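Read through the structure below, which is laid out as structure tokens, and then see the notes.
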Amino acid sequence: MGIFEKFKLGFKKSADSISSGLREIIVKKEIDDETLNKIEEFLISSDVGIDASGEIKNIISQKKIDPKKNAVEEINAILKEYILELMVPLEKKDFFENKENLNVTLISGVNGVGKTTTIGKIGKIFKDNGSEVIFSACDTFRAAAIEQLESWSDKIGATIIKSNPGSDPASVAYKAIEHAKNNNIRRVLIDTAGRLQNKKNLMDEFKKIANVIKKTDESAPHDVVLVLDATSGQNIINQLEEFDKIIKITGLIMTKLDGTAKGGVLIAISKKYKVPILGLGLGEKEDDLQIFNAEQFADAFTQFN
């Protein structure tokens, strides 16, 4: 199975939920106010978000649905067009391209979102594109996290800079960047401890890592990626807000889309924050990271059954 087929399969629950939900709501050819309200409520319940759902409702109300055509298919087409207009500007495929200079990426997120696995997958894409990669094991609070990142470094052939469990995470980041400079390695991926956005001491540690990175290179970190778990629903919006207060988030990766009906939350977060979307996690294997493509997302999310 190719990555796009896996991508479509991963969104099948979301797409099935959308198409079956619209069928239940649209039982007559004319789209009246009552039907419009039901569509809006349904989209909100599908995690599309209040703002985006309201806009989609208004677009449908302004367009004349041809009574000779299938109304559900017509509205599905409107939804697809809306997604494209919203998300095409949020593509950032150049994130994965080779860089001429040192590029330090700070990876953040709460516990359990799949940060370390995502770092391994990103590193695999970098390596496939011809870049040497350094992993910085800054989740020093858990020995298992260091071991997991080391396993990924062995798997894809990346260098890993690590220290003993309990060591200062910022010092590990510093050593990784210095190693990159001394060995002309341009890609550094920094794994940080999973932290709850409401735990001040952990968020302060995250900020310290960012500050120490700047001491080695004023322009770093060049990217700050927030990994989000699609199964968390609207809670991910709060996560983005809190992490963005510490240091500006420059890209998102959404994980656990391989078996959830919660794909709509990516529309909600795109509408509210306009943060670039880098990729979508579709499983645990090293090739299970889909570089974000708005058209593929729109096709998969609105696939009609």
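Readers should treat all values here as calculations from the given coordinates under stated rules, not as data from a laboratory. What you are looking at is a predicted structure, and each value in this text was computed from that prediction instead of being measured. Cβ placement follows ideal geometry from the backbone for every residue including glycine, while neighbour counts extend to all protein chains displayed.
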Checklist entry - Around Glu34, what is the net charge, scoring Lys/Arg as +1 and Asp/Glu as -1 over all other residues with Cβ under 13 Å from its Cβ? => result -2
Checklist entry - Where in segment 8-90 are there GluC sites (Glu not before Pro) that are in a DSSP coil and have at most 10 other Cβ atoms within 10 angstrom of their Cβ? => result Glu30
Item to check | Relative contact order (percent, whole number), segment 1-155, Cα cutoff 8 Å, 6+ residue spacing | outcome: 14 percent
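If contacts are Cα pairs under 8 angstrom and at least 6 residues apart, what is the relative contact order of segment 93-301 in percent? Kindly include the intermediate steps, with their values, before the conclusion.
Working: 395 pairs, mean separation 50.3, N = 209.
Contact order relative to length: 24 percent.
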Checklist entry - Does segment 12-90 classify as rounded, prolate or oblate by the C-alpha gyration tensor (a ≥ b ≥ c root eigenvalues; a/c under 1.5 gives rounded; else a/b over b/c gives prolate, otherwise oblate)? => result rounded
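For segment 12-90, what relative contact order do you get, as a whole percent, if you take Cα pairs closer than 8 Å and at least 6 residues apart? Could you put the intermediate results ahead of the total?
Details: 43 pairs, mean separation 24.3, N = 79.
Worked out over segment 12-90, it gives 31 percent.
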Item to check | Mean ellipticity per residue at 222 nm, deg cm²/dmol - from DSSP H runs of n ≥ 4 across the chain, formula -39500 (n - 2.57) | outcome: -16000 deg cm²/dmol
Item to check | Sorted peptide list for 234-244, 272-282, criterion being average Cβ within 10 angstrom, highest first | outcome: 272-282, 234-244
Checklist entry - Which aspartates and glutamates have a Cα less than 17 Å from the Cα of Lys63, not counting those fewer than 8 places away in the same chain? => result Glu30, Asp32, Asp33, Glu34, Glu40, Glu55, Glu73, Glu74, Glu81, Glu85
Checklist outcome for this item: Options (1) 29, 20, 19; (2) 40, 18, 16; (3) 38, 36, 19 are given for semi-axes √(5λ) of the Cα gyration tensor in Å, and the computed one is (2)
